[in-house]
Every structure is written in structure tokens, then in C-alpha cells.
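A quick write-up on the structure given underneath.
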Amino acid sequence: MARTYSSRKRILVTGGAGFLGSHLCDRLLDAGHEVICLDNMYTGTKRNIDHLHANPRFEFMRHDVCFPVYVEVDEIYNLACPASPVHYQHDPVQTTKTCVHGAINMLGLAKRLRCRILQASTSEVYGDPNVHPQTEDYWGHVNPIGIRSCYDEGKRCAETLFFDYHRQHGLEIKVARIFNTYGPRMHPADGRVVSNFVVQALKGEAITIFGDGQQTRSFCYVEDLVDGLIRLMESPAEITGPVNIGNPNEFSMRELAEAVLAQVDTASQLTTLPLPADDPKQRQPNITIAREKLGWEPKVQLREGLTKTIAYFRELVEQGAA
Ligand SMILES: NC(=O)c1ccc[n+]([C@@H]2O[C@H](COP(=O)([O-])OP(=O)(O)OC[C@H]3O[C@@H](n4cnc5c(N)ncnc54)[C@H](O)[C@@H]3O)[C@@H](O)[C@H]2O)c1
């Protein structure tokens, strides 16, 4: 899209070489903006942003959000943080630092620039919820000392910092609570259920279900999710969030495995493993606020999203990259 100099924004996307961040960079560039993609490549890959380097409005910056950064931008999307349990539990101290120091540094930058900042928070702030589906006013049920706490509590503390910068310094903040999202460019070895099932099916390996497979999740396709983040960023200043962004359609793990098997010609069979510690049994967003305040709701159905995701992973498996 062609933009005049005055309507073009310069936008910082931290975690821009990751799964969600790279799709967000695509969309912002398509909308005619300039994008600075900041990433320390902890879980991000060059492959996710290779196609963007030729764009003169794109700039990559290798940097760790745990340290201050000085750039001049009009908006900040703060996505930097490993998102899958395998990755965020690999170095839990670093995960908390990324959540907390990263938020402090990016909020400090936004304060200096007086610019809007959006935080990629998570449904994990609800922990193993007692309320179902989760509404934004539910405070959550989180174990503060468990193996998921580095991420859950790190993200909760980041939300606290966002709201304190808003109250104390008048910063324009946007907090999105992202629920499980899937699609092309997910990390093939991140242990998340969609990538796991798809890669296992494509390789003809056993499809591993934890517990009895009756625990449910809701899955949002990445295009829908990115659309929700941009709508939130562009919403009136009084809409700070937190806003749940996710797909309320719930599937059990067994149903998901069957949906994958229906689209991949494979000899894979289902096999069960013990449930990991603190694994939430049920997670489903209530998206009334997103519907009413942002006019947003997911459009892509699971079957359609899986088709695109399977096509992506098929290419990786054929290249020996998954
Ligand atoms: N994908 C989901 O289902 C989901 C759900 C809830 C919340 N989120 C949030 O959305 C954001 C993006 O998630 P994703 O799925 O794209 O994960 P991802 O791991 O693919 O992307 C995260 C990116 O952040 C980068 N990063 C990590 N630590 C960093 C640091 N200290 N400094 C700079 N860069 C750093 C990584 O290299 C990676 O490119 C995360 O904040 C995550 O918590 C994602």
C-alpha cells in the first residue's frame, strides 16, 4: 500500500523474527509502514524474515530487550519472549528477565518517545483457570513457584508495569492477552501441540497425546491474531485492554489429532504420555470485549488454518529442516 510521508509510521516490533512477530512485520510493511524488527534470535529464525530484507522499509536489529535500546519510532509492539514451554523453561531466569526487564526497557523507550506501546501478554496469566471461559476481569489461578511460573508470572509482572506506566506517566498502552495461536512459521521443535502433531504426522511418527487427550484448547490462526493486534493498537486511546485475542472454538487434543490425521496421508497412530506438571485442563477465551470494542473476531476455521500450516511444515520436512 502506498503511503504519504505523513501517514507512514515507523514501528518497532520486538521479537519480530519469531512466529507471530514475523507475520506482524509482513502486515505492517504491507500497510506501507517502516518496520524495525528487533530480535536476539533466541527462538526466532532468519528464515522467518529472509523475504523482508529486500524491502527498503524493513530494518533488522539484533538486540536483547533486557538491555535499553535507543531508536526513534512512532509505535512499539513488544513481542520479544520465548513463548513455548520447551523454550521458556530452557532458561527460566532469562525468561523472567525478558518479560520484566524487557517490559521496563520498552516502556522506558515509549515514555521517552511519548509513543503507544502494545504488550503481547498471554492467556497464561489466567494459569489453570477456575473460571471458564476466561474473561479479562478474572484474576487467574497461577502457581508462583512452578516450572511455568517464569513465563506466567513474568507476563503478569509485565502487565503490572504497563498499567503502572499508564497510571503514573500517562503512557498510551495496549495489552493483548493472546491465546494459543498456530500457523506457518511456528518453530517445528517448540513442543506446541499443533506443530507437534503436524510434524509427527508428516514424518509418520506416533502422535503423542498427554493424559487422556480430553483437555481442551482453543486455536487461533495467525492471520486473525495479527489482525486483532493491529486493531487493538489502532483503537482509541482509552482502550488499554487487557483484551483477550483468541479463537473461542474449543477442541480436545484428541479432536485436534484427528483433524490433522484427516489432512495428512500417514501411517501415524495416537499414543499417550503422562500429563506434564501444571498443564491447564481447559482454556477458552471470552472475546466479547474484542468483538464490541475492536470489531474483531476470528474468521479462519481450524480446518482451513491447518491446511496452510501443514503445507508450511511439509516444505520444512522435505528440506530436512524439521
Ligand atoms: N504463539 C502463541 O500462541 C502465543 C500465545 C500467547 C502469547 N504469545 C506471546 O506472543 C509473543 C510472540 O510469541 P511467538 O509465538 O511468536 O514466539 P517466538 O518464540 O516464535 O517469538 C519470540 C521472539 O522473541 C525473540 N526473543 C526472545 N527473547 C528475546 C530477548 N531477550 N530480546 C530480544 N528478542 C527476544 C525470539 O528470538 C523470537 O524471535 C511472545 O511474547 C509470547 O509470549 C504467543
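Percent relative contact order of the chain, based on C-alpha pairs within less than 8 angstrom and at least six residues apart? It would help to have the intermediate numbers written out before the result.
Values: 642 pairs, mean separation 54.6, N = 322.
Value for the chain: 17 percent.
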(message) So for segment 43-135, averaging the separation of alpha carbon pairs under 8 Å that are six or more residues apart and normalising by length, what relative contact order in percent results?
(response) 33
(request) Identify, among GLY191, GLY140, CYS157, the residue whose Cα sits farthest towards the positive end of the charge dipole of segment 104-253, taking +1 on the Cβ of Lys and Arg and -1 on the Cβ of Asp and Glu, with the dipole about the Cα centre. (result) CYS157
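Remind me, relative contact order of segment 1-97 in percent, using alpha carbon pairs under 8 angstrom and six or more residues apart?
Working: 153 pairs, mean separation 31.4, N = 97.
In percent, rounded to a whole number, it is 32.
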(message) For segment 151-283, give me the percentage of DSSP beta bridges that are antiparallel, rounded to the nearest 5 percent.
(response) 25
(request) Please work out how much length the chain gains when fully extended from HIS51 to LEU270, using 0.36 nm per residue of separation minus the C-alpha to C-alpha distance, in nm with one decimal. (result) 75.2 nm
(request) Among ARG177, ARG114, ARG167, determine the one that fluctuates most according to a GNM of the chain built with springs between C-alpha atoms less than 10 Å apart. (result) ARG167
(request) Go through HIS23, MET106, VAL264 and say which Cα lies farthest out towards the positive end of the charge dipole of the chain; charges sit on Cβ, +1 for Lys and Arg, -1 for Asp and Glu. (result) MET106
(message) For LYS46, give me every one of the aspartates and glutamates with a C-alpha distance below 18 angstrom, ignoring sequence neighbours fewer than eight places off in its own chain.
(response) ASP26, GLU59, ASP64, ASP190, GLU315
(request) Subtracting the Cα-Cα distance from 0.36 nm times the residue separation, let me have the gained length for GLU258 to GLN214 in nm, one decimal. (result) 14.6 nm
(request) Whole Å is fine, so just give me how far the alpha carbon centre of segment 199-228 lies from that of segment 108-149. (result) 22
(message) Only four residue types carry charge here, +1 at the Cβ of Lys and Arg and -1 at the Cβ of Asp and Glu. Report the dipole size of the chain about the Cα centre in Debye, rounded to the nearest 20.
(response) 640
(message) Can you find, among LEU12, VAL86, VAL243, the residue sitting farthest towards the positive end of the charge dipole of the chain, where Lys and Arg contribute +1 and Asp and Glu -1 at Cβ?
(response) LEU12
(message) Restricting to DSSP H runs of at least four residues, report the calculated mean residue ellipticity at 222 nm for the chain, -39500 (n - 2.57) per run over all residues, nearest 500 deg cm²/dmol.
(response) -11000 deg cm²/dmol
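Might you report the magnitude of the Cβ-based charge dipole of segment 270-322 about its Cα centre, with Lys and Arg at +1 and Asp and Glu at -1, to the nearest 20 debye? Mind dumping the intermediate values first?
On the way: 8 positive and 7 negative charges, 44 e Å.
In total the dipole reaches around 220 debye.
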(request) Return the lysines within reach of LYS293: Cα separation strictly under 22 angstrom, same-chain partners fewer than 8 residues apart disregarded; answer none if there are no such residues. (result) LYS174
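Each value in this text was obtained by applying a stated rule to the coordinates, not by laboratory testing. This one's a predicted model, so the numbers in the text were calculated from it and none came from an experiment. A quick note on method: Cβ atoms are made from the backbone with ideal geometry, for glycine too, and the neighbour counts reach across all protein chains shown.
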